[in-house]
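Following: one structure in structure tokens, then a few remarks.
The values are calculated or read from the model by the stated rules, or taken from the named source; none is laboratory data. Small disclaimer: the values here were computed from a predicted structure and weren't measured. Positions of Cβ are generated from backbone atoms using ideal geometry, with glycine treated the same way; all protein chains shown enter the neighbour counts. Just so you know, the surface numbers come from the protein's heavy atoms only, side chains and all, with ligands and any DNA or RNA stripped out. Shrake-Rupley method; radii C 1.70, N 1.55, O 1.52, S 1.80 Å.
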Amino acid sequence: MESIEIGAKDRVFVLTGAGISAESGLATFRDSDGLWAGHRVEDVCTPQAWDRNAELVWQFYSARRENAEKAEPNAAHVALAELEKQLGDCFFLCTQNVDDLHERAGSRRMVHMHGELFVSRCSHECGSVPVADRAVYADLASVEKCACGAVLRPHIVWFGETPMEMERISAEISKATVMVVVGTSGSVYPAANFVHWARQAGAQAVYVGPEAPLNASAFTQVVLGKAGMVLPGLFKTL
Ligand code: BV8
């Protein structure tokens with residue numbers, strides 16, 4: 001069984017993608033029956049899609065809220081929360097996922113670079129604070145409104161929008177000695193570049209997933225296997 005030794009001087013940066021939630025029953029984007037099934041990305045995951053058909057966008061994210069509500073964190077989420085307990089501020093988690101399974105497993109030192117499914121915000125960017133929102137909306141008329149009167153939108157980073165917390169993310173990568181990337185195809189940027197940033201900072205980089213990602217050549221180690229099987233035994237803290 002392959003393992004990663006974590007010493008007292010190590011700082012670990014973890015990046016996760018849809019694959020870590022696959023064993024919790026949440027569809028990934030690229031699998032044949034993936035999330036985009038029935039929906040072209042351009043129709044549900046861009047600002048233009050929102051302008052063209054906000055109701056369809058809300059139906060897409062409402063269906064994902066229903067699925068995520070029913071899902072439970074799996075052994076991979078738990079293993080990362082355990083590692084954070086052991087490493088404290090020498091651990092940092094960045095997820096591309098919008099579900100809340102990392103939080104529900106106990107992760108705290110983390111950011112959602114592509115937003116959060118159970119948060120909504122003003123669609124007119126009036127400056128109001130994003131709000132917790134677990135509602136499932138059947139139609140646009142039933143969607144909550146901002147205090148300014150504008151309809152709320154999902155607090156999600158769509159294609160063409162700027163990922164969240166990028167300053168904090170790049171600062172954490174520059175300090176990392178070990179980057180662990182779990183369950184992501186390496187098809188979306190800038191997340192797919194993080195491994196290059198880590199290598200340039202002198203870190204080792206490990207990928208965990210059942211198939212090699214598009215950016216596999218950038219990794220010092222590729223551990224093939226499902227996250228829920230591999231992560232629980234992967235880290236050896238010295
Ligand atoms: C930006 C939220 C500027 C929505 C998402 C050309 C070159 C470079 C860049 C671009 C380009 N053209 C356009 C761009 C920019 C664009 C982009 O990258 N496009 C792609 C299509 C080329 N990116 C953007 O627009 C981003 N913004 O660039 O702004 C900027 C840049 C830097 C700094 C400031 C500003 C914003 C992109 C965000 C889009 N929103 N998500 C939602 O969730 O609905 S993206 C979404 O898809 C995910 O969040 C994730 O990021 C991405 C890919 O999904 P994955 O997580 O990788 O999942 P996938 O299905 O692909 O793969 C699953 C993997 O799991 C597989 O590898 C599989 O083997 C594995 N797996 C399966 N089972 C398991 C498993 N692994 C472990 N265990 C298992 N059991």
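Brief remarks follow.
- Whole-number accessible area per residue in Å² for the chain, which is evaluated in the context of all protein chains at 1.4 Å: 46
- Set against the 2.2 N^0.38 Å expectation for a compact globular protein, the range 111-238 has a Cα radius of gyration ratio of 1.33.
- The alpha carbon gyration tensor of the range 100-148 gives principal lengths a ≥ b ≥ c with a/c of 1.5 or higher and a/b no greater than b/c, which makes the shape oblate.
- Calculated on the alpha-carbon coordinates, the convex hull of the chain measures out at 118 cubic angstrom per residue.
- Residue-wise HN-Hα coupling along the range 133-138, computed from phi with Karplus coefficients 6.51, -1.76, 1.60 (Hz; x: Gly, Pro): 7, 9, 5, 10, 9, 7
- Charge context of Gly88, other residues only, Cβ under 11 angstrom, K/R +1, D/E -1: +2
- Percent of alpha-carbon pairs separated by more than 24 Å within the range 1-119: 34
- Share of carbon and sulfur in the accessible heavy-atom surface of the chain [1.4 Å probe, %]: 52
- With Cα atoms, 0 to 90° folded angle of helix 75-87 axis to the chain main axis: 60
- Crossing angle, helix 166-175 versus the chain [Cα axis fit, 0-90 degrees, rounded to tens]: 0
- Length, then width, then depth: along the principal axes, the Cα atoms of the range 181-238 run 28, 26, 15 Å.
- The count of lysine pairs in the chain that are at least 8 places apart or cross chains, and whose C-alpha atoms lie under 25 Å apart, stands at 9.
- Loop-resident sites, the range 1-106, for trypsin sites (Lys or Arg not before Pro), counting at most 11 other Cβ within 10 Å (DSSP): Lys9, Arg40
- Other residues within the sphere of radius under 15 Å centred on the Cβ of Ala147, judged by their own Cβ, net out at 0 (K and R +1, D and E -1).
- Relative contact order, percent, the range 30-121 [alpha-carbon distance under 8 Å, six or more residues apart]: 22
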